[in-house]
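The values are calculated or read from the model by the stated rules, or taken from the named source; none is laboratory data. Just so it is clear, the model here is predicted, and its values are computed rather than measured. Methodologically, a virtual Cβ is constructed for each residue, glycine included, from the backbone with ideal geometry; neighbour enumeration extends over all protein chains shown. Heavy atoms of the whole protein, side chains included, go into the accessibility calculation; ligands, DNA and RNA do not. Shrake-Rupley method; radii C 1.70, N 1.55, O 1.52, S 1.80 Å.
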Amino acid sequence: MKRAFVFALVAAMSTTALAATDPRTLPSKLEPAWQAKTREVFKQAIEIPSVHHRGEVPRVAKLLADQFRAAGIPDSDIHFMPYEALPGDKTMALIVRWRSPNATKKPMLILGHMDVVEAKREDWKYDPFVFREEGGYFYGRGTSDMKNGDVATTMAAVKLMSEGFKPNRDIIFFYSGDEETEGKGATLGASEWRNLTDAEFGLNADGGCASYDRNFKPLGCGISTAEKTFQTYFFTTHNPGGHSSRPRPDNAIYELADALKALQNHRFQPMMNEVTRGYFEERAKQEGASHLGQQIRAWLANPNDGVAADAIEANPLEVGLTRTRCVATMLAGGHADNALPQSAKATVNCRIMPGVDPTAVQAELQQLAGPKVQVAPDPNYIGVPTPTSPLRPDVLKAVSDAIHKIQGPGMDVYPTMSTGASDGSFFRAKGIPIYDVDGSWGISPDDERAHGLDERIPVRAMYDDVVHWEMVIRELAGK
Amino acid sequence: MRFTVLLACVSACALAAPTNAATAPKLSQVRHDATRAMFEHVIDIPTVIGRHNVPQMAQYVADQFKAAGFPAADIHVMPYHTASATQGEDDTAALIVRWRSDHPMKKPIMLMGHMDVVEAKAEDWAGTDPFKMVEKDGYYYGRGSIDMKDGIVAITQAMIDLKAAGFKPDRDIVVLFTGDEETNGIGAKNGATEWLDLLGHPEFGLNADGGGGGFNPDGTPAGFTLQTAEKTYASYTLTVRNRGGHSSKPRKDNAIYSLAHALDKIEAYRFTPMQNETTRAYFEGRQKEEKGALGDAMRRWLANPNDGQAADFIEASESEVGLTRTRCVPTRLFGGHADNALPQLATAMINCRIFPGVDPNAVKAELEKIVADPTVAVSRDDDNLASLASPLRPDVTEAYTKAVQTLHPGMPVFPEMSTGASDARPFRVAGIPIYGANGGWVVVPTDFRAHGKDERLPVQSLYDNVVHWELMLRDLAGK
């Protein structure tokens, strides 16, 4: 996912006895036989290193398609859609249509992606592409982002089919193969492949909605209805270079380092919108008299109170919710050990507040980087600001019921703003409202490891998610 | 190499008094054409590490010697493997040619050079392909045109020409052309150890990858240098690790920002100024003709080696960079693993040229002190030992000075400490003095493009260099 676990949030102050129990130790409501089936498919999915350019995504597609086929979906409704994402990256989307025998409503779309972010063996404690269960967790690249969601949605459908459930609307499963890089699959899915994907609305399984804090207090389940715009920029410096035995006064690497230091110290203007205001009002109640609670109230009272907004932004639970954020993620420079660099480049990843034009962010970055540094957007991915999706009562009810039944009534469900874009943005931009409603969960912030080291998911969260999707599908396609 | 032809000395601040210049012999048309054809042929072979092209060049040069009547038994193409963690690997080769004397009176002279070149990217160059020699505006353009395929061609053509003219050396002349000077220096290490018998345990070596001279843009002579000492080449890596995470939720600590701060400190730092015999002789020569502020600084520093301000002023002059102290500069940057993930790793390579006699381990300790950040690890990339200076031999200095001044009457000649490192180091360490004694010249400073973009050699320099080597060999192996 380009967005992070939504995690942070609104716990009801009236925490129940459940809050004191470690949720990882409770049994899942998924039957043991289905736990075993789920675990096996999850293991196979994790062990396919579907990183860009490795050509492995089609194997994940085949794995998922095999489950649907075995459950009775005919080949004519299983579509393998090969495409090229980054130049040379041959990947694939999978589109599966579960037909209703007598549809009474327009189709519903379920979204996921089969690719994962790069993970290097030397950086991880164990091989990121070897599935491991340890201490109540499943470990491996993609365990939380988002092969968990792929497997949960697939297994929920397979289980429902085995139980004879007949949906009253077509359910379209759309799994892309380049969400982490280009989002080209989602772009195609929302446009060229629209005859296969057209739907009334979509549910995105990318990123669990729920979390607990370290004291096992439920922090809520956030359904994102607004999202920041994803845009990567490149900071590039150039220099005539020369022999490294004769250092020049100017140096491409030093000039880039200066710009990065300026970026580190820069803070964008705090902003509040309808969704985040609602969110922070809930948070203020929950935080009560704590320092954070006071800062939130101060900011709500005066949106120009930059000091309060800065204090909120500095809290690990609230990062990215008060403004546009940009951070350096990659570096490259030089061409030989013994030559002065002729160029140096930093990748700067931005998450832009809804409604802000990315070109304005580019201008602000250029201003702080100075004239020696060229700032340009990544030509391979031009972010498109998307409208807020109005929260449908039927979706809110279906997700709330499922979450409350599985996680208990203490786990609130509320709309939020996602800090990153996912495949959902391409469909939103083309008129299909998308809601991020995956039912997996983690301990915040310890389990927030998407894209990072030693990515993991609680074992129970994986199994819970199958039950969650089963309930959500029954509610939205069965009544 | 290091075509570090210095300076801006206007007339005779010389190592030796101008001799009564003999008229320079002129290259025959046949030799001129053969020289150009050979130069074009070798420039067009991209002998960059990893491309496996050096053996092809070695064979070609060997064939030139064979065609000129050098016995095949004395011509050895020596394939070898070169590899290191940071510089890459290659199947490369050295060429050893031994021109035997009928009645050797002295131990052999070794003539040295290297056939490999630094990487060059066509997109960085202004209009010409770096691996296609182009003659334009009085220059030959191409990677290796000054570093140092000109020296390879000049030595080869000089020996062929001398042989054709019936010259009988009174000592063996051995050629050692290596294939990885720009990277791992394995060829030179082999030369100074296991190939030493084949090389006949030379008394001293003349390195075409050093020395040389320059003219000022107005055509006045700037000077030639005889290289007798060189700084120690050593590379270090700065490494910063971080937990990383999702880029939509930036952490307070960031590997790239920490690295940027470390680089900033290195940029601001200046090592303690130092002098040795060679650099004192050099600056004594230089100051005689430098009337302005630069000359004043040289005089002050010679009078008081503790006058750091004077040394700083000299170091800041474009013509004197690297001559007053150890210098370190970042040459390469790496960091991150995905544009939408916080970096788990960021590294910078720091390339140092260490004053002769200073232990590279001491420089590592100094870098750690400069960076002063326990999260930034400093490690060595090689196990290079401190380089030593070669004593000034009267026969070599006279032969070099005479050759230079025969071709360029009135040209001042200086002893030089090279700021680069070359294949000379392992021989100097093994007790075989090496003198950088090439006869090529450029226009200073505009043609200082070794390792950089649009590397080029004045057309006339190529032919002058052939004559230069003939003059030196007649002097040192013909009396």
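Annotations
- Criterion (without any contact (Cβ under 8 Å) to a residue 40 or more places away in the chain, surrounded by fewer than 24 Cβ atoms within 10 Å (Cβ to Cβ) and within 30 Å of residue B:263 (Cα to Cα)) met by exactly one of A:249, A:240: A:249
- Number of the exception - residue A:327 against (1) more than 26 Å from residue A:387 (Cα to Cα); (2) of a type outside the set (S, T, N, Q); (3) within 12 Å of another protein chain (Cβ to nearest Cβ); (4) open to solvent by less than 10 Å² (accessible area, probe 1.4 Å): (1)
- When residues in the stretch B:83-94 are screened for being assigned to a strand (DSSP E or B) and modelled with pLDDT under 95, 4 of them pass.
Each row is one residue, and each column tells you yes or no for (1) among the basic types (Lys, Arg); (2) open to solvent by 50 Å² or more (accessible area, probe 1.4 Å); (3) more than 25 Å from the chain's Cα centre (by Cα).
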position	(1), (2), (3)
A:67	no, no, no
A:84	no, yes, no
A:88	no, no, no
A:96	no, no, no
A:104	no, yes, yes
A:133	no, yes, no
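- Every pair of residues 6+ apart whose Cβ atoms lie under 8 Å, when the first sits in the stretch B:339-361 and is more than 9 Å from chain A (Cβ to nearest Cβ) while the second is crowded, with 24+ Cβ neighbours inside 10 Å and acidic (Asp, Glu): B:356/B:230
- Count of residues meeting criterion [under 23 Å from the mean Cα position of the chain (by Cα), part of a strand (DSSP E or B) and either at positive phi or of a type in the set (A, V, I, L, M, F, W, C) (or both)] in the stretch A:305-336: 4
- Test: residue in the stretch A:411-431 that is at pLDDT 85 or above, among the acidic types (Asp, Glu) and touching a Leu at 6+ places or on another chain (Cβ under 7 Å): yes
- All positions within the stretch B:288-320 that are out of contact with any Ser or Thr (no Cβ under 7 Å at 6 or more places or on another chain), buried (at least 18 other Cβ atoms within 10 Å of the Cβ) and either within 30 Å of residue A:329 (Cβ to Cβ) or in contact (Cβ under 8 Å) with a residue 24 or more places away in the chain (or both): B:290, B:301, B:319, B:320
- Matching residues, the stretch B:210-239, being within 20 Å of residue B:323 (Cβ to Cβ), within 14 Å of chain A (Cβ to nearest Cβ) and of a type in the set (Gly, Ala, Ser): B:210, B:212, B:214, B:229, B:234
- Of the strands (runs of 3 or more DSSP E) contained entirely in the stretch A:156-255, those carrying at least 1 residues that are within 14 Å of chain B (Cβ to nearest Cβ) and closer than 30 Å to residue B:452 by Cα fall at A:229-238.
- Looking only at residues in the stretch A:337-372 that are among the β-branched types (Val, Ile, Thr) and assigned to a strand (DSSP E or B), the one that is nearest to the other protein chains (Cβ to nearest Cβ) is A:347.
- Filter pass, residue B:116 being more than 14 Å from every other protein chain (Cβ to nearest Cβ) and under 28 Å from residue B:71 (Cβ atoms): no
- Of the strands (runs of 3 or more DSSP E) lying entirely inside the stretch A:375-479, those carrying at least 1 residues that are open to solvent by less than 40 Å² (accessible area, probe 1.4 Å) and farther than 20 Å from residue B:245 by Cβ are A:413-418, A:434-443.
- In summary, residue A:404 fulfils each of the numbered conditions (1) free of Cβ contacts under 8 Å to residues at least 40 places away in the same chain; (2) farther than 19 Å from residue A:156 by Cβ with the single exception of condition (2).
- Any hit, the stretch A:62-78, residues being in contact with a strand residue (DSSP E or B) (Cβ under 6 Å, 6 or more places away or on another chain) and of a type in the set (Asp, Glu): yes
- Qualifying residue in the stretch A:331-340 (condition: over 30 Å from residue B:450 (Cβ atoms), touching a helix residue (DSSP H, G or I) at 6+ places or on another chain (Cβ under 6 Å) and surrounded by 24 or more Cβ atoms within 10 Å (Cβ to Cβ)): no
- Of the residues in the stretch B:114-130, at least one is of a type outside the set (Ser, Thr, Tyr), closer than 30 Å to residue B:334 by Cα, buried (at least 21 other Cβ atoms within 10 Å of the Cβ) and in contact with a His (Cβ under 6 Å, 6 or more places away or on another chain).
- Across the stretch A:256-271, the qualifying residues are those that are hydrophobic (A, V, I, L, M, F, W, C) and either surrounded by fewer than 18 Cβ atoms within 10 Å (Cβ to Cβ) or at the interface with chain B (Cβ under 9 Å from one of its Cβ atoms) (or both), and the one among them that is farthest from residue B:419 (Cα to Cα) is A:271.
- Taking the stretch B:131-151 as the range and being surrounded by fewer than 24 Cβ atoms within 10 Å (Cβ to Cβ) and hydrophobic (A, V, I, L, M, F, W, C) as the test, the residues that pass are B:131, B:133, B:134.
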